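Each remark here refers to the structure printed beneath this line.
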Protein chains: 2
Amino acid sequence: MKALKLIILLTLLNLSAFADNGYRLWLKYDPIGQTKVVDDYRKEISSIYSPKSSETINIAINELKTGLKGLIQKEIPHDQAINAGSIVLLKEEDLSTYKVSADVPDHQDGYIIKNILINKKPVILISSKSDVGILYGVFNFLKTLQLELPIQNLSITEEPKIENRILNHWDNLDRTVERGYAGFSLWNWQTLPGHIEQRYIDYARANASIGINGTVLTNVNANSTILTPEWIQKVKALADAFRPYGIKVYLTARFSSPMELGKLPTADPLDPQVIDWWQKKAAEIYKEIPDFGGFLVKANSEGQPGPQDYGRNHADGANMLAKAVAPFNGIVMWRAFVYSNEVPDDRAKQAYNEFTPLDGKFDKNVLVQVKNGAIDFQPREPFHPLFGAMPKTPLMAELQLTQEYLGMSTNLAYLATLFEEVFKADTYAKGKGSTVGKIIDGSLENHSLSAIAGVANIGNDINWTGHPFAQSNWYAYGRLAWDHELTSEKIASEWIGMTFSTDKASADSIEKMMMGSREAIVNYMTPLGLHHLMGWNHHYGPGPWIKNKPRADWTSVYYHQADGKGIGFDRTATGSNAVAQYFPEVARQFANLDTCPEEYLLWFHHLPWDYKLKSGNTLWNEIVKHYYLGAEQVKGMQETWNALEGKVDPEWHNSVKQLLAIQYDEAVWWRNSCVLYFQSFSKLPIPENLPKPAHDLDYYENLEFKYVPGI
Amino acid sequence: MKALKLIILLTLLNLSAFADNGYRLWLKYDPIGQTKVVDDYRKEISSIYSPKSSETINIAINELKTGLKGLIQKEIPHDQAINAGSIVLLKEEDLSTYKVSADVPDHQDGYIIKNILINKKPVILISSKSDVGILYGVFNFLKTLQLELPIQNLSITEEPKIENRILNHWDNLDRTVERGYAGFSLWNWQTLPGHIEQRYIDYARANASIGINGTVLTNVNANSTILTPEWIQKVKALADAFRPYGIKVYLTARFSSPMELGKLPTADPLDPQVIDWWQKKAAEIYKEIPDFGGFLVKANSEGQPGPQDYGRNHADGANMLAKAVAPFNGIVMWRAFVYSNEVPDDRAKQAYNEFTPLDGKFDKNVLVQVKNGAIDFQPREPFHPLFGAMPKTPLMAELQLTQEYLGMSTNLAYLATLFEEVFKADTYAKGKGSTVGKIIDGSLENHSLSAIAGVANIGNDINWTGHPFAQSNWYAYGRLAWDHELTSEKIASEWIGMTFSTDKASADSIEKMMMGSREAIVNYMTPLGLHHLMGWNHHYGPGPWIKNKPRADWTSVYYHQADGKGIGFDRTATGSNAVAQYFPEVARQFANLDTCPEEYLLWFHHLPWDYKLKSGNTLWNEIVKHYYLGAEQVKGMQETWNALEGKVDPEWHNSVKQLLAIQYDEAVWWRNSCVLYFQSFSKLPIPENLPKPAHDLDYYENLEFKYVPGI
């Protein structure tokens, strides 16, 4: 049986003259290998029926035809009548015409997929209140086939928990991408608006297939040029291309645009001319793009202009923009990732301190966009204390898909485990069960406006994401934005089935590798609550020795606080007391050495090198153990992957194999650098049984890297 | 019959679930549509036989298997014995073993493809002195099938006319590409040397398929970082990947590297320390890359450092580097595109003036690399007067594939016609028939060292070249580098057959469109010998009004010299006398108004607006006529293309259709800008029957473009 499966698989792999370059993402639609499954599907699916037509419905029909042709190698016609085996696409408003009663979700994006009888004919109904909901249903139906699941007793009901499921592209107008490691920007501004690349369409398809319904095209470090008439035309062309896929376009607004473009002497948000300029600019944009989503703003942070330049606060700035887009149902997403020119006692505290006093002062079409942790997208951070602390304000979570701090494009890091950890974290804002997920989706405080942002890992590499496995993070983000209660395992299993193989043994071993991947990185980069030890500026490789930079909080020594006595950032009452920003139950847990989870230990505590951990190890030995374990875990991933040769596409296998070899080298580099560096404080030995670092600390400290992408 | 063909074609186009994104270039290997042809091929080809194995031979065998599987949908095995219908790959040295006598070309890269009998079995022999020659033969054989030609009476003998057929990549280490319009650099330096992207392999395949055997990886505006040990490892990884495809790697050498990397106080080419530094650097490179090709150098030009900084000349600089690489059989390609800090009376004269005195003074492994014309890759230029003027020095031609001055990635410009014009131009250096082609291939002066350079139009766009039709220029360059006597028509016809369609009517209309495409651009940009009227710095769009820049020869007014009386650059004896740099026969032809070809008229002559041309038109009316004609020609291309809908791949059709619409707008923009601008001098009317420009000159002069790629 196993041998048979292998033969079928090998035949399949061999069918096409060319290997898979990854462009098709999880929408491959390669022929299903299991004859029995194909036979069943061919019997059960005869045609496509849709009484109405629209751009979106036509896309849904074409996707079905393309998908079915690929998967079951049969042309399924779009028929004028309902047959036995029809896939029937119906808006809810039309159900009664066909004497169908079905519980279609209230949410516009929701849908059902159900085997029912129409005129005594067995059909597969996909129904929604909206065209886009039907498109979502079609993608889900195709996924069911891709995963080779039975389709005789379908009864799927889906609706999103979060309203606006948005990608943030940190893409500059010259097509460089800040913190981008997958080539350059997808947006070929030079040939827009005249040329709509097929890639734009496939980008929209991929997003629609996982429910993403918004995209911020431009970098949060914003450029006002995007708001000039010529560039609005380019944005309009993209918006027109994305619209039928249910995707709204957003832009970042540079706060000083009224000065740069409007030649005003100020960008003060309370200045009538400034207010007027933004209102006219918004009207100009909405004239071209009636469903323009709104603005994302990074203000008074890392040198960006903002309302504080004029003695105003974030609410003043956000509300001014919110009023400009409100007449058109636009929203403003105002980032809480701020830090002022003065270095605070603890950067982790700053966003909370600046924003909590403003709770209740934002207009109702403003969301505050909060990174998952208080520092900056580290391999692991405790959840951001702002979550739960602004009950009157809808808060978005900003997650980072691009691997700025997780090994860029050469490290395999499945991030759903990180995201899941964030969503499930309990803030205790309204007692036990007040998870970050419930704050983001608005349910905890009954906000009707909800949104989530993922900083895209997408570039113009053929496979979109650089590392082939990084596709899984785009996929996982979309799935979690739709339903943050999904588990990482479930999402991985879907993605693997669609991307690699439905062979259980192969899929299981890939899943295991993915599930452990992020923890391996935590271990060899920043174990036990250590954070921000990365190389200066480009964040490539280890840099625990980074010091003497323009700001203390731009150094590593600021974060690890290692000295002869010990290591860690004391954020308890004896230190910065950042822990007090959490609700009491959480604050107590983190502040107390007995209850603080060891993965956050050095985030909250400065401890002596000989501090004893639960394992019985001293802190020094435990740190060393984690660093060595991380590298070993990568070796384990290599072994898993090597065993999959011949069972997955050869081009993917070869590419990932090479990348894992790089990752192993980088893990060892991290391990050696950090262990040697911290040893210079602890003066304690590396246990005898562990391999000695190949070079001395001096060597690692003096490595230099030029032209690292993403800055 | 026609209807039948169409049905077959449509079925074929429909077979794959996805449209063609252009990644496969001319090596598509899609199933052949004509049943009869496929049947014949299936009968005539049974297996592949190769007695020897090497990396290159294995690549040849795999290419055959892949190609045949795609084209005739049959697995052709690599067999241990010769069968009837074997494709037999034999090195010349092995022919006698099989009792075969055949005239294999002397040239290592040459090959034969021949139907012969071995042991009375009819086979197809592909034979060469080298493995790479066999690979070239395999690609040629596959082309024969792609073009659906008969294979019963093959008798092909091929060898290259030029030794080193090289692409120049103006790629920077941050992956921007100077004058690149197809995305960003292919070389993902960050993940090298560990990760060999499939794209590198496919790049090498594509080059090998057209005989390109060298690649300069880095920009002529060079960066010394590429010569550091870490980066040499990255270069080595690419060299290792390219080697089996017969491709040597070259680098650009920044002349000041001994100062920047070696911390020497000087880069004087006669300084012993400098000489020593380069010799050690060369040895270091050759240790890693034993077949490293050598250096390309841009020195003392546009701000680049060079030997003149130390009072030395180009030969001093080139020979110093040549001596460093000579022990390893490396070469130095020294660019003649120079201009000093002092603006000369006529930039067209400068290279000739600087280089002819040095003829005979270069080491024997030095080539001087000369742009096809004396200014800079204009839509049309007379050939460079250096060709023929340095008989003791092997001269390379440098052609530009990337469309810096020909509409970037939005204009369809088939450049083989331009290249053909260059190769066929007669310098009269040794009497009639002393064509540029014969100078480049070394035959005129019996140089054994010969080379040619094409500035690549390749980037990381999925389709490699931005504009789908720009693939044809990569293809044509390779074909002409191999044999500069090929006609543009022949090359176009091959490329179309491999890329689009073997349907004669469709192919003919595509060929016609391609063949006229460059002339259309000449007409709407720079007709009648006008040149360098493009937008400032980025060269996008018209800029005939460009003046008052840091150098006179960086302005348009310098080149067109328009005034109230007339227009054109007087390069005759009454002007700069650049014409005197040509051999007398040519000089007389260009200097004399009766014999000067009208396409070069204003290149050599300043003429009054009412000057009468052969057509009977005044100069003014003729200029206007050309500008309007150019735009109309683009409209004609649009009509041709529209008629091809359904006959070519839908994704290509859609993309090119949009691009032609952009091109038409740009052609009209050029036309209106230039006609209005020149009218401000001529004060003459635009003929009544022609449409009036939509805007006034002021409008066009004030258009601004930001983030134009390529600078």
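The values are calculated or read from the model by the stated rules, or taken from the named source; none is laboratory data. As the structure is a prediction and not an experimental result, all values here were calculated from the model. For neighbour counting, all protein chains shown are included, and Cβ atoms are generated from backbone atoms with ideal geometry for every residue, glycine included. Areas reflect the complete protein model, heavy atoms only, side chains present, ligands, DNA and RNA absent. Shrake-Rupley method; radii C 1.70, N 1.55, O 1.52, S 1.80 Å.
Miscellaneous remarks
- Solvent-accessible area lost in complex, 30 Å² minimum, residues of the range B:183-200 relative to chain alone, 1.4 Å: B:F184, B:Q190, B:T191, B:G194, B:H195, B:Q198
- Using C-alpha pairs under 8 Å with a sequence gap of at least 6, the mean separation divided by the residue count of chain B gives a relative contact order of 12 percent.
- Sorted from longest to shortest, the spans of the Cα atoms of the range A:39-79 along the three principal axes equal 32, 17, 11 Å.
- A helix-only calculation puts chain A at -11500 deg cm²/dmol for mean residue ellipticity at 222 nm, using -39500 (n - 2.57) for each DSSP H run of at least four residues, averaged over all residues.
- Summed buried accessible area for B+A [probe radius 1.4 Å, Å², rounded to 100]: 3700
- Cα gyration tensor category, rounded, prolate or oblate, for chain B with a/c compared to 1.5: oblate
- Shape of the range B:249-378, Cα gyration tensor, a/c cut at 1.5: prolate
- Segment B:A102-B:K263, extension gain: residue separation times 0.36 nm, minus the distance between their alpha carbons: 52.2 nm
- Check: the protein assembly as shown dipole with +1 on Lys, Arg Cβ and -1 on Asp, Glu Cβ, in debye: 1520
- Accessible surface, per residue, of chain A when the full set of protein chains is kept, probe 1.4 Å, Å²: 35
- On chain B, 51 percent of the accessible area sits on carbon and sulfur atoms, based on a 1.4 Å probe.
- Pairs over the 20 Å Cα-Cα cut-off, from the set B:K52/B:K99; A:K114/A:K504; A:K236/A:K287; B:K349/B:K625; A:K69/A:K120: A:K114/A:K504; B:K349/B:K625; A:K69/A:K120.
- Extreme residue, positive dipole direction of chain B, given options B:M408, B:Y136, B:A451 (C-beta unit charges): B:Y136
- The Cβ shell under 11 Å around B:W464 holds other residues with a net charge of 0, Lys and Arg each +1, Asp and Glu each -1.
- Residues whose amide H lies under 5 Å from that of B:V216, counting only those 5 or more places away or on a different chain, are B:L167, B:N168, B:H169, B:Y250; hydrogens are built 1.01 Å from N in the peptide plane.
- Computed lengthening from B:D174 to B:Q34, 0.36 nm per intervening residue step minus Cα-Cα distance: 45.7 nm
- Nm distances between copies for B:N221, ranked from closest, using label points 7 Å along Cα→Cβ: 2.2
- The gain in end-to-end length when the B:E489 to B:K512 segment is fully stretched comes to 7.4 nm, 0.36 nm per residue minus the alpha carbon separation.
- Once C-alpha pairs closer than 8 Å and six or more residues apart are averaged by separation and normalised to the residue number of the range B:501-587, the relative contact order reads 13 percent.
- Label point distance in nm, A:T640-A:N702, each placed 7 Å from Cα along Cα→Cβ: 3.9
- Spin-label model, A:L147/B:S680: points 7 Å from Cα along the beta carbon direction are separated by 6.6 nm.
- Summarising the rotation from chain B to chain A, the nearest chain B beta-carbon to the axis and its distance in Å are given as B:F184, 2.
- Cβ-Cβ FRET estimate between A:H695 and B:N329, R0 fixed at 35 Å, reported to 0.05: 0.45
- Using the Cβ-Cβ distance between A:D291 and A:V557 with R0 set to 56 Å, the FRET efficiency works out to roughly 0.70.
- Shortest-first nm distances, A:E598 label point to equivalent points in other copies (7 Å, Cα→Cβ): 8.8
- Flagged links, alpha-carbon separation over 22 Å, of B:K161/B:K248; B:K91/B:K438; A:K28/B:K36: B:K91/B:K438; A:K28/B:K36
- The phi-based Karplus calculation (6.51 cos²θ - 1.76 cosθ + 1.60; θ = phi - 60°) puts the 3J(HN,Hα) values of the range B:98-114 at 9, 6, 10, 10, 8, 7, 7, x, 5, 5, 3, 7, x, 7, 10, 10, 8 Hz, whole numbers, x for Gly and Pro.
- With label points defined 7 Å past Cα in the direction of Cβ, position A:P391 shows copy-to-copy spacings of 9.7 nm, given to one decimal and shortest first.
- Gyration tensor (alpha-carbon) shape descriptor, the range B:39-109, a/c threshold 1.5: prolate
- Here the relative contact order of the range B:317-455, from alpha carbon pairs under 8 Å that lie six or more residues apart, stands at 21 percent.
- For the range B:481-494, 3J(HN,Hα) per residue [Karplus equation, 6.51 cos²θ - 1.76 cosθ + 1.60, θ = phi - 60°, Hz, x = Gly/Pro]: 5, 6, 8, 6, 8, 4, 8, 4, 4, 4, 5, 4, 5, 4
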